[in-house]
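Taking it in order: structure first as structure tokens, then the write-up.
The values are calculated or read from the model by the stated rules, or taken from the named source; none is laboratory data. Everything numeric in this text was worked out from a predicted model, so none of it was measured. We place every Cβ from the backbone using ideal geometry, glycine too, and count neighbours over all the protein chains shown.
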């Protein structure tokens, strides 16, 4: 369960987020919508600890994680651009979080395989990430974020920039996955269709 | 098919692009050096050098002090590079200017500054002086590369549970590794072939191969011994290059061109960049501050006499005015940059093997100096007393460094941009001018600054060249400091301080 | 491949030119209205001193400098027979033999002289009520422990001069013992004149810890001429008995293309007007006995009647051995 309470982010004197509060019940998906530039991405970054919060707190399962550094929060992020590590293959990208946790090679390989099957891209295991299409990049970024079993998953415009057919397919697959895994997630989107696929919607206004 | 054409196109372009740089280096470097070698190398002398215990000791000292200097430089320089390429804060520009400035300065200025503080000669002052000079190399070569690393990759790694040190090892290091190795190699070579610093801070017992080459050739008149030592030095450096080449990873990842990003300070790091920069600046700036101090304080009281004399235009005891010294230095620097930067750009654009263009690093300055005098002494190329030979030599010496400084930028231009330009109707040359050059502008500016810097502070190879009436800044400073008379020496320190202040100012803007 | 072709072509050109001999016509000057004087960087003649020469001969004097006297001689030897200039200024008695062996000069004359002597900081000694040393032997006494800084004779001309002075004074067999005692007495070895005089020495701008330094007999007047605020007497003085005579020569370079003007220039350099300008611009004594010395020099510069000297031939023969013995003693 994720709770955001009176969250404010001020940077260089400019208030980007002003006293945002909402709760996401465990296992459900929340859509965050709003016009461009209103701070949706900043909200996600603040929740996972990549941006300093000026006021307010973030709670995961009743624990205040506001003071915990980003790499210890257990909150996964799938960014808009995928941000796959260019010096690694698809498998190496996906298993990154598992390497950090010092899982054995066997464990890692098994989990990577499992995830690749989940996203239907088993054939790409040893592909160089620079040669992937947009849709493939998103799926693999998602798999990578899911691999270390985060408690919360944040997705920043996961379906933008794709053609309609790919968008539709990816959206269906992703929501199915989130529901199967029962992961608490927040999705930033400006597509109404995707927002409606979520359990709840929160709108940010300027 | 497209790939084949692309490759073919690139290869033929390579050959034409390289003509000018190759001819330049051949005439002004390969030929003089080969001449020296042919005339003065004797294998018998070489083997007696190898079997000489003291000379082996000199070679050993050159090696280990260079290794330690390099490690120390990286220890101070890499964190500082990180801080400066990732954060912008008030004073960052000035800090960068301070850290980068010493490269320009003649060895006599920095060494005198260190000596004024340590009051002793020996290994520690030598190491300190080396760090002062070479932090700049790390900043210049690794900095641009580091600021191109996509921050979002680091974010991704953090959300996947990687703490900052692991993020660095797994995500950042692969992108900067080549640049760091390149910088480390250069620093090693500069420290290994260190001359001015050793001459002043080495005392009797500490000699490097380079200073020994000079001593043998000039002080003792043993040109054969000097050449044998130069060959030994060149062999060692070549070995280092070969070893480094093994360490280098496969051809670098093509990074997306991103403008240097100003990262908002993260909570965990808020003070760290400041502390790192403060330490680096303290280490590098203190000898410089000592020089400025010397120019202002006589007999314990502050006095502006030296500075007043300086700005009145005349330099005590010298027959040149401040104006002519500064003008000469600037003219040489600009000329050197005009020669060096275009040639370096041509080389950096191609993926030609770097071996030939790294040669000026491998061969000692003294050898080049000797080669220049004995080669260009008959018409139609009796150039040795020609004034323009000086900036040419500066360009030769600066070339390897400037090429390396341009490489990250030229390599990072994705071919897709050129393809786009081609589909819009531009010929390859126009594409290059309009697309590549405009992207390269900041890198070119930096490269120009770098080659001017090298020219301004050069003292080694060109000290063999005679000149009439064109005294440069390092020579003027050395002359002023080299005469008795408090006013003269103060003027020397003031001139050195002036050089420091102007350099720091210029480097903060570059 | 492109590289090798260019390289080979250039090498061939060089070799070809090296084989062709340069013709030198000795009876006519190649450039009658210009004569080139090669000197070291520190050669700073009085402004306009060559105007009279130009007026008399129609030839302009072009001063070409590069490096110190050691570099100068080395370069000249490397280019012997095809020199960069016509007249060479600055070979001193320690380098003369080397120049002669390489047949650098067609004729040469002494043009100036000076001495390398231990200078001392007057104020330092008077404020502590200690009498300054008066001889080389004194320098090894415990009273003067840790007070002397000298330069490395391999790299520095005054350093070499001082070493030769000790050899001249103590003899070829005993100078080693003297240096051992200097070492025991804490002598500081600087690598060059600059760091010794401007940093170690207490009597000049450096305010260092060493009140005794090896410098020139003409350093005290320089301290007056280039003082921060005008002073009457120099803050330093010279220990006369430590002075080693350094004579500088000027000569016409073999193979120069303007032999006639070279001769004329040499005469000019030995003539009164130039000789009288030398003390305050070059800080050396004129060889021309008719030349008058400036007041500053007569009062404060030192050039003893019987300085320490060594035969240039001896110097050349033994220098390498002496230097390496010195190194062994000091290290």
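A count restricted to the range C:274-331 and to residues that are assigned to a helix (DSSP H, G or I) and more than 30 Å from residue B:53 (Cβ to Cβ) stands at 17. Could you say whether any residue in the range B:426-443 is assigned by TED's automatic domain parsing to the domain that holds residue B:327 and within 24 Å of residue B:359 (Cβ to Cβ)? Yes, some residue in the range B:426-443 is assigned by TED's automatic domain parsing to the domain that holds residue B:327 and within 24 Å of residue B:359 (Cβ to Cβ).
Being buried (at least 24 other Cβ atoms within 10 Å of the Cβ), modelled with pLDDT of 85 or more and in a helix (DSSP H, G or I) is not true of residue B:109.
Residue under question is residue B:121, and the condition is that it be within 10 Å of another protein chain (Cβ to nearest Cβ) and within 25 Å of the chain's Cα centre (by Cα); does it hold? When the stated conditions are applied, residue B:121 passes them.
Exactly one residue out of B:420, B:426, B:412, B:405 is surrounded by 15 or more Cβ atoms within 10 Å (Cβ to Cβ) and farther than 28 Å from residue B:24 by Cα: that is B:426.
Let's see how each residue does on (1) in a helix (DSSP H, G or I); (2) under 21 Å from residue A:85 (Cα atoms); (3) under 19 Å from the mean Cα position of the chain (by Cα):
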| position | (1), (2), (3) |
| --- | --- |
| A:110 | yes, yes, no |
| A:130 | yes, yes, no |
| A:136 | yes, yes, yes |
| A:148 | no, yes, yes |
| A:153 | no, yes, yes |
| A:170 | yes, no, yes |
| A:174 | yes, no, yes |
| A:177 | yes, no, yes |
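When the residues of the range C:87-103 are narrowed to those that are within 12 Å of chain B (Cβ to nearest Cβ) and touching a strand residue (DSSP E or B) at 6+ places or on another chain (Cβ under 8 Å), which ends up modelled with the highest pLDDT? Looking at residues that are within 12 Å of chain B (Cβ to nearest Cβ) and touching a strand residue (DSSP E or B) at 6+ places or on another chain (Cβ under 8 Å), I get C:88.
Restricting to the range A:43-57, count the residues that are at pLDDT 90 or above and within 19 Å of residue A:78 (Cα to Cα). Of the residues in that region, 5 qualify. Taking the range B:356-401 as the range and being without any contact (Cβ under 8 Å) to a residue 24 or more places away in the chain and in contact with a helix residue (DSSP H, G or I) (Cβ under 6 Å, 6 or more places away or on another chain) as the test, the residues that pass are B:378, B:383. The single residue among B:218, B:204, B:171, B:180 that is over 25 Å from residue B:46 (Cβ atoms), in contact with a helix residue (DSSP H, G or I) (Cβ under 9 Å, 6 or more places away or on another chain), crowded, with 21+ Cβ neighbours inside 10 Å and outside the structural domain of residue B:403 (by TED's automatic domain parsing) turns out to be B:171.
Among the residues here, residue C:219 qualifies as touching a strand residue (DSSP E or B) at 6+ places or on another chain (Cβ under 6 Å) and within 10 Å of another protein chain (Cβ to nearest Cβ).
Condition check for residue B:149 on (1) in a helix (DSSP H, G or I); (2) within 12 Å of another protein chain (Cβ to nearest Cβ); (3) under 20 Å from residue B:77 (Cα atoms): one failure, at (1). A single entry from A:153, A:115, A:170 fulfils the requirement of being within 12 Å of chain B (Cβ to nearest Cβ) and surrounded by 19 or more Cβ atoms within 10 Å (Cβ to Cβ): A:153. Have a look at C:241, C:267 and point out the one that is more than 12 Å from chain B (Cβ to nearest Cβ), modelled with pLDDT of 90 or more and assigned to a helix (DSSP H, G or I). After ruling out the rest, the residue left standing is C:267. Residues that are part of a loop (DSSP other than H, G, I, E, B) and more than 7 Å from chain B (Cβ to nearest Cβ) within the range A:72-86 comprise A:73, A:74, A:80, A:82, A:84, listed in sequence order.
Within the span defined as the range A:134-142, one or more residues are crowded, with 22+ Cβ neighbours inside 10 Å, at pLDDT 90 or above and within 11 Å of chain B (Cβ to nearest Cβ). Note on the range C:292-308: residues that are at pLDDT 90 or above and buried (at least 16 other Cβ atoms within 10 Å of the Cβ) amount to 3. Per this entry, residue B:487 is counted among residues that are at the interface with chain C (Cβ under 7 Å from one of its Cβ atoms), part of a helix (DSSP H, G or I) and buried (at least 19 other Cβ atoms within 10 Å of the Cβ).
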